[in-house]
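To start, the structure under review is shown below, and the notes come after it.
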Amino acid sequence: MSEAAKPAARPTAARGRNTELPEHLKSYKGIWVFVEHDRGHVNPVSWELMGEARKLADKLGVDVSGVVMGGPDETLDAFAKEAYVYGADHCYIMRDPVLKGYRNEPFTKGLTDLVNKYQPEILLLGATTMGRDLAGSVATTLGTGLTADCTELNIDGRALAATRPTFGGSLLCTIMTLAYRPQMATVRPRVMRMPRRDESRTGDIIEMALGMVEIDIVTKLLSFIPDAERNTVNLAYADIIVSGGKGLKNGDNFKLVWELARVLGAEVGATRAAVQAGWAENERQVGQTGKTVRPRLYIAAGISGAIQHRVGMEGSDVIVAINTDPNAPIFDFAHYGIVGNAMQVLPVLTQAFRAHLDKRIRKVA
Ligand SMILES: Cc1cc2nc3c(=O)[nH]c(=O)nc-3n(C[C@H](O)[C@H](O)[C@H](O)COP(=O)(O)OP(=O)(O)OC[C@H]3O[C@@H](n4cnc5c(N)ncnc54)[C@H](O)[C@@H]3O)c2cc1C
């Protein structure tokens, strides 16, 4: 919720004029990162945020804390230890049977109570399905500002300057919550770099009880279907991505991207133009209005390298571009460029990788 989206009950702030932090909010200190986990695994976006929180905290001269919530039989202490390794100084742990498996009501109450008691000035969550759901309800309950889906975070004075695409991705806007605390933001997975692990780091744990019982909660968790069983696309954390663009001319040629991806064990990505042409599903779109990716290898076939595509993939370790036009913008930032027809180059690469991988398998056998 931006300043412009504040509820009508606060008319002065709604017009953006109330920019003074009230006296009673000046005690809010420190940066918190909500540690999202599911079935024993922390979502890597939480560690990406921990690294970013560390940088922001060093600018502000404050501490970083992780917030871990879950069931009593979950490995919450292990997650807290990981949080230190990635940069946290403290961890707040809330464990309760009703916190096993995410539900909005108990998580909103728990996180809101923690914030009200320990008063962080900044609270960061991943812009995941869970993070978006929780951040919205916590911000509303606390009556504070939330900038959703950020692509950049900075400190301006003592305020969090949270940048996100707006107007369908055609502009970037920077939003600050000046008169409320905490300042909240969700950040897309893979936008921030994964920080280095520092195994020597440790910290303290602060436990707080939830004070809620099952009968208080309207929503019941009946079953859980993991994404893995739904064959969903996992572009954001793929190690290798083969992406296709409009230069492939038609959906039949786009199958060449799939063939190379299959041999490499890669995910398939696409430009918005290719998605709009119906050659790939929406969730395969890479870029400003699609996914941000950071694979070890990104192969771009028939892609011009427009800025809206570039911002989603330029963090890749190695970019290989195939394009007929030697002046295509993608060659300005690709590590390796092949000037040629993708319909000829892709099958040659597929065959060469298949032969190479077969040889390696035979050697091992
Ligand atoms: C608000 C907004 C948000 C956007 N968000 C996104 C986004 O998230 N992701 C995204 O990708 N785009 C996005 N776009 C669109 C973006 O601006 C470009 O239009 C798009 O990325 C171009 O896709 P393309 O490279 O597939 O197609 P083109 O720009 O048409 O490029 C095709 C390329 O293929 C090359 N080519 C042609 N024939 C061959 C061949 N036989 N072999 C090899 N190369 C060949 C051409 O030289 C050309 O460079 C957005 C645009 C706007 C306005």
Please list, in order along region 182-194, the HN-Hα scalar couplings obtained from phi with the Karplus expression 6.51 cos²θ - 1.76 cosθ + 1.60 (θ = phi - 60°), rounded to whole Hz, x for Gly and Pro. x, 8, 10, 8, 10, 10, 5, x, 6, 6, 8, 6, 5
Furthest towards positive pole of dipole, Tyr92, Tyr28, Gln183, structure part region 21-224, Cβ charges: Gln183
Table column - 3J(HN,Hα) (Hz), region 53-60, Karplus curve with 6.51, -1.76, 1.60, x for Gly and Pro: 4, 4, 5, 5, 5, 5, 5, 8
Just check region 103-237 against the gyration tensor rule for me: Cα atoms, a ≥ b ≥ c as the square roots of the eigenvalues, rounded for a/c under 1.5, and otherwise prolate or oblate depending on whether a/b exceeds b/c. rounded
Summing +1 per Lys or Arg and -1 per Asp or Glu among the other residues with Cβ less than 13 Å from Phe254's Cβ gives +1
Suppose the chain between Asp198 and Thr19 were pulled fully straight at 0.36 nm per residue; how much longer would it get relative to their current alpha carbon spacing? 60.6 nm
How far is it, in nm, from the label point at Val339 to the one at Leu357 when both lie 7 Å from their Cα along the line to the Cβ? 3.1
In percent, what relative contact order does region 235-364 have, based on Cα pairs under 8 Å that are 6 or more apart in sequence? 24
Quick check for me: using +1 on Lys/Arg Cβ and -1 on Asp/Glu Cβ, what's the dipole size of region 21-224 about its Cα centre, in debye to the nearest 20? 480
Treating only the Cβ of Lys, Arg, Asp and Glu as charged (+1, +1, -1, -1), what charge dipole size does the chain show about its Cα centre? Round to the nearest 20 debye. 880
How would you rank Glu52, Glu267, Glu259, Glu207, going from fewest to most other Cβ atoms within 10 Å of each one's own Cβ? Glu207, Glu259, Glu267, Glu52
Using the number of other C-beta atoms within 10 angstrom as an exposure proxy, rank Lys29, Lys59 with the fewest first. Lys59, Lys29
Using a ≥ b ≥ c from the Cα gyration tensor of region 21-224 (square roots of the eigenvalues), is it rounded, prolate or oblate, where a/c under 1.5 gives rounded and otherwise the larger of a/b and b/c decides, a/b for prolate? rounded
May I ask you to list the aspartates and glutamates whose Cα is less than 18 Å away from that of Lys29, ignoring any residue fewer than eight positions away on the same chain? Glu20, Glu52, Asp58, Asp63, Asp89, Asp113, Glu121, Asp156, Asp204
Hydrodynamic radius (Kirkwood) for region 29-100, which is based on Cα pairs only, to one decimal in Å: 12.1
Can you give the Kirkwood hydrodynamic radius for the chain, in Å, rounded to one decimal and based on Cα pairs? 22.4
Could you give the dipole magnitude of region 191-285 about its Cα centre, charging the beta-carbon of Lys and Arg +1 and that of Asp and Glu -1, in debye to the nearest 20? 660
Listed residue (Leu357, Ala328, Ala266) projecting farthest to the positive dipole end of region 227-365, Cβ model: Leu357
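Kindly state, to the nearest 0.05, the FRET efficiency for Arg39 paired with Glu314, given R0 = 41 Å and r defined as their beta-carbon distance.
Step by step, r from the Cβ atoms, then E = 0.80.
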In Hz, Karplus ³J(HN,Hα) per residue of region 302-309 (6.51, -1.76, 1.60; θ = phi - 60°; x = Gly, Pro): x, 10, 6, x, 4, 3, 5, 7
Where does the charge balance sit around Ala306 when Lys and Arg score +1, Asp and Glu -1, over other residues with C-beta under 14 Å from its C-beta? 0
Of all the Cα-Cα pairs you can form in region 235-364, what percent are over 27 Å apart? 11
Output the relative contact order of the chain, whole-number percent, from Cα pairs under 8 angstrom with separation of 6+ residues. 14
Lys/Arg +1, Asp/Glu -1 at C-beta; the chain dipole; positive extreme among Tyr118, Thr144, Ala209: Thr144
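Only the coordinates and a few stated rules stand behind these numbers; no lab work does. Because the structure is a prediction, the values reported are computed rather than measured. Note that each Cβ is placed from the backbone with ideal geometry, even for glycine, and that neighbours are counted across all protein chains shown.
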